[in-house]
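The values are calculated or read from the model by the stated rules, or taken from the named source; none is laboratory data. Quick caveat: nothing in here was measured; it's all calculated off a predicted structure. Here the Cβ positions follow ideal geometry from the backbone for every residue, glycine too, while neighbour counts run over all protein chains shown.
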């Protein structure tokens, strides 16, 4: 079974390669087709590095449990009920009605 590289490894390799290409472009002052291709490759590598960093952050966020809920809790927090929504509604009955509506929509 083939194991894919970690997102952090991909990010580091892509960032180092992009920096190396950028340094060689600045030092060489190429203004031909090869220089354009190197610049495009540099942009591509920087994009890959950014996406890999985002993937690593998302993986880390999924691995950390939600501190608001106890580990054995099966009840999920309904989406869309945040501090701004609660402040806007203000009324407890309206909040209960919204939570009930979200529970019905999930089932």
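Below is a table of values for the structure above.
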read-out	value
Residue within the range 66-84 that is outside any loop (DSSP other than H, G, I, E, B) and at pLDDT below 75 present	yes
Matching residues, the range 7-27, being more than 14 Å from residue 51 (Cβ to Cβ) and either modelled with pLDDT under 90 or surrounded by 11 or more Cβ atoms within 10 Å (Cβ to Cβ) (or both)	16, 17, 19, 20, 21, 22, 23, 24, 25
Residue 30, sole failed condition from (1) at pLDDT 75 or above; (2) in a helix (DSSP H, G or I); (3) out of contact with any helix residue (DSSP H, G or I) (no Cβ under 6 Å at 6 or more places or on another chain); (4) surrounded by 10 or more Cβ atoms within 10 Å (Cβ to Cβ)	(2)
